[in-house]
1. Just checking, which of T22, T73, T15, T28 is outside any strand (DSSP E or B) and modelled with pLDDT of 95 or more?
2. Mind telling me which of the residues I84, I44 ends up being buried (at least 16 other Cβ atoms within 10 Å of the Cβ), closer than 19 Å to E95 by Cβ and among the hydrophobic types (A, V, I, L, M, F, W, C)?
Amino acid sequence: MFGDLMGMMGKLKETQEKVKLTKKRLETVTLQESTPDDTLRIVISASREIREIHIEDSLLQDKEQLTDYLVITLNRALEKAGEIHDAELAAVAKEGMPNIPGLDALM
């Protein structure tokens, strides 16, 4: 019994390290979201950090449209980044789960 427990503890520590490395790697993964007319482009990391915002000069003339575009485009970018982030971490966490009979049926 204690051998299994020690093995599980080792696997848990290994999984924690993989999660940490995955989070670090996600900081380097970037994606871009833009408006349909490409007057606004957002570059964001998979760790949900805004890296760049590109605004065409023509969009600067219309504050209301710029505000609307920023809200919509930032929300879409954050949603996509969150999906990538969560999927990557879930895969690492599932890989590190101990093999407990019947556990797959609950997930």
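The values are calculated or read from the model by the stated rules, or taken from the named source; none is laboratory data. All figures in this text were calculated on a predicted structure; none of them were measured in a lab. For neighbour counting, all protein chains shown are included, and Cβ atoms are generated from backbone atoms with ideal geometry for every residue, glycine included.
1. Residue meeting the stated conditions: T73.
2. I84
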